[in-house]
1. How many nm separate the modelled label positions at R58 and S31, each set 7 Å beyond the Cα in the direction of the Cβ?
2. Specify the angular offset, from 0 to 90 degrees and rounded to the nearest 10, of the alpha carbon long axis of helix 2-30 from the longest principal axis of the alpha carbons in the chain.
3. Based on Cβ point charges of +1 for Lys and Arg and -1 for Asp and Glu, what charge dipole magnitude is obtained for the chain about its Cα centre, in debye rounded to the nearest 20?
4. Rounded, prolate or oblate: which one fits the chain, using the alpha carbon gyration tensor with axes a ≥ b ≥ c (rounded when a/c is under 1.5, else prolate when a/b beats b/c, else oblate)?
5. Under a plain spin-label model, where a point goes 7 Å from the Cα along Cα-to-Cβ, how far apart in nm are V23 and M38?
Amino acid sequence: MKPRHAFWRLWGWPLVMGVLTTVGLISALFSDGGTGDMLAWVTLGLPVAVCAWFGWRRSPR
């Protein structure tokens, strides 16, 4: 059981971010206004916001 737990602990959030990015890209490609565009904005903006948050929060060396 320990190796499976270690896998999800290491790769869980990167996989979630990858799925969100994929959903956003597909939604942006196939939507024509309305809910699809909003879904694309949110799902593509979330990884950018997370990267900005962790980049800003990083302590100076």
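Every read-out reported here was derived from the displayed coordinates using simple, explicitly stated rules and does not represent laboratory data. Just so you know, these numbers come straight off a predicted model, no measurement behind them. Ideal geometry is used to build each Cβ from the backbone, glycine not excepted, and the neighbour counts take in all protein chains shown.
1. 3.0
2. That works out to roughly 10 degrees.
3. 660
4. oblate
5. 1.5
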